[in-house]
Amino acid sequence: MTAPQFEEGTTLDRFLMETHRATPGATGQFVNLMQSIALSGKMISARVNRAGLAGMLGGTGDVNIQGEFVQKLDRYANETFIRALEHRGHTCMVVSEEEGGVVRVPSQWHSGRYVVTVDPLDGSSNIDVNATIGTIFGVFRRVTPEGEPATDADGLRPGKELIAAGYIVYGSGTVMVLATEYGVNGFTLDPSVGEFFLSHRDIRTPERAKIYSCNEAYSEAWQPGAREFVRQCKQPERKLTARYIGSLVADFHRNLLKGGVFLYPATADNPEGKLRLLYEGFPLAFIAEMAGGAATNGRERILDVVPSELHGRTPLVIGSKLDVAEATAMMAEDPQL
Ligand code: AHM
Ligand code: MG
């Protein structure tokens with residue numbers, strides 16, 4: 001698709017409206033959906049920035065479907081997203097990390113064209129220490145008829161059927177990165193006017209990594225190919241450096257811009273790794289590929305995997321194309337853990 005040309009400083013709204021006009025068959029629901037996501041991002045960003053003052057630090061005392069402690073901001077972010085998505089007629093179903101089952105749009109509202117998968121607040125172990133966290137989302141077009149309740153068939157789809165994906169990082173600034181058929185573009189929130197402006201045009205990730213990112217504390221338990229890859233990353237002639245925040249979205253964002261490879265391999269205790277396929281692996285793999293990078297599970301392309309459950313996990317190798325290919329070649333021969 002030929003993208004309309006945009007200057008830096010273009011608002012997200014204008015970007016959405018002009019790409020909408022250039023898209024045959026577009027109904028406007030996608031523009032509305034992106035506006036709802038951007039609004040949620042602004043609300044979460046405001047809350048993240050003053051979490052310590054707003055009584056939003058710490059846990060709720062509950063454990064989510066993943067068996068992890070729910071932070072107050074996790075709950076706020078999840079409720080904000082679901083409220084923003086359910087009533088404007090663009091969405092039929094939401095798959096969220098914080099919900100046990102799918103969330104279908106209540107019957108008083110139109111059941112729209114899109115299915116959204118979302119990790120409302122990724123990296124939540126970093127909330128209480130003011131390190132970067134984020135929201136990750138993916139968008140499928142539903143397979144069942146619009147206006148009717150969505151079914152599980154709308155959600156359990158291979159990642160290659162995504163039509164868009166993105167994330168919002170809440171760091172020293174708030175940045176929304178959006179991947180569509182018009183490429184990967186980043187928008188920075190100007191909190192003084194409450195609008196996202198185009199700041200990173202047509203992002204292309206370097207083919208070669210300058211950075212490798214993984215939690216090496218687990219390396220003794222990793223599959224052997226991943227260990228060997230990281231051993232090679234440390235060879236002086238590779239001239240790589242290591243960076244790991246422990247917020248997937250923040251590690252991914254840095255590597256996307258600078259060139260890097262992120263690994264979260266399988267271990268004996270977690271043979272499918274830790275990260276979730278539908279709302280972490282798929283959206284970031286879609287963005288990586290659109291930006292010229294790659295993503296695998298150590299054996300096959302992430303976007304080709306067909307999920308069998310909503311909260312299924314996946315090993316993840318993602319980032320610069322040549323390094324992902326090398327890591328995958330080393331890991332593909334590993335015995336299944
Ligand atoms: P979350 O979605 O519950 O925050 O968990 C996922 C996070 C990722 O952001 C990050 O890459 C990973 O967990 C870090 O895990 P670990 O602490 O095992 O390195
Ligand atoms: Mg997460």
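Annotations
- Of everything in segment 153-172 that is at pLDDT 95 or above and over 22 Å from Val305 (Cβ atoms), the residue that is farthest from the chain's Cα centre (by Cα) is Tyr170.
- Taken over segment 119-143, the criterion of being closer than 21 Å to Arg157 by Cα, of a type in the set (A, V, I, L, M) and assigned to a strand (DSSP E or B) is satisfied by Ile136, Val139.
- Across segment 104-125, the number of residues qualifying as free of Cβ contacts under 8 Å to residues at least 12 places away in the same chain and either surrounded by 23 or more Cβ atoms within 10 Å (Cβ to Cβ) or in contact with a helix residue (DSSP H, G or I) (Cβ under 8 Å, 6 or more places away or on another chain) (or both) comes to 0.
- Val249 within 18 Å of Val324 (Cα to Cα) and either modelled with pLDDT under 95 or in contact with a strand residue (DSSP E or B) (Cβ under 7 Å, 6 or more places away or on another chain) (or both): yes
- Flag if Val324 is surrounded by 18 or more Cβ atoms within 10 Å (Cβ to Cβ), part of a helix (DSSP H, G or I), away from ligand 2 (no atom under 16 Å from the Cβ) and touching a residue at least 12 places away in the same chain (Cβ under 8 Å): yes
- Only residues that are touching a residue at least 60 places away in the same chain (Cβ under 8 Å) and either farther than 29 Å from Phe137 by Cβ or away from ligand 1 (no atom under 16 Å from the Cβ) (or both) were counted in segment 234-263, giving 1.
- Within segment 267-283, being near ligand 1 (Cβ under 10 Å from one of its atoms), in contact (Cβ under 8 Å) with a residue 40 or more places away in the chain and not in a strand (DSSP E or B) holds for Asn270, Gly273, Leu275, Tyr279, Glu280.
- Residues (in contact (Cβ under 8 Å) with a residue 24 or more places away in the chain and not in a strand (DSSP E or B)) located in segment 154-171: Asp154, Gly155, Leu156, Arg157, Pro158, Gly159, Lys160, Gly171
- Residues being loosely packed, with under 15 Cβ neighbours inside 10 Å, among the aliphatic types (A, V, I, L, M) and within 21 Å of the chain's Cα centre (by Cα) - total across segment 40-87: 1
- The residues listed here are Arg157, Arg142; of these, the one that is in contact with a Cys (Cβ under 9 Å, 6 or more places away or on another chain) and surrounded by 15 or more Cβ atoms within 10 Å (Cβ to Cβ) is Arg142.
- Any chance Glu146 is in the same structural domain as Ile37 (by TED's automatic domain parsing), more than 13 Å from ligand 1 (Cβ to nearest atom), more than 21 Å from Met176 (Cβ to Cβ) and within 19 Å of the chain's Cα centre (by Cα): no
- Exactly one residue out of Met34, Met93 is closer than 21 Å to Pro307 by Cα, modelled with pLDDT of 95 or more and of a type in the set (A, V, I, L, M, F, W, C): that is Met93.
- Test for Leu257: is it assigned by TED's automatic domain parsing to the domain that holds Pro224, touching a His at 6+ places or on another chain (Cβ under 9 Å) and part of a helix (DSSP H, G or I): yes
- Total residues in segment 284-302, condition farther than 21 Å from Arg208 by Cβ and either in a loop (DSSP other than H, G, I, E, B) or over 13 Å from the mean Cα position of the chain (by Cα) (or both): 3
- For segment 127-179, a residue qualifies if it is more than 18 Å from Ile37 (Cα to Cα), within 16 Å of ligand 2 (Cβ to nearest atom) and among the hydrophobic types (A, V, I, L, M, F, W, C), and the qualifying residues are Ile127, Ala131.
The values are calculated or read from the model by the stated rules, or taken from the named source; none is laboratory data. Note that this is a predicted model, so its numbers are computed, not measured. Virtual Cβ from ideal backbone geometry, glycine too; neighbours counted across all protein chains shown.
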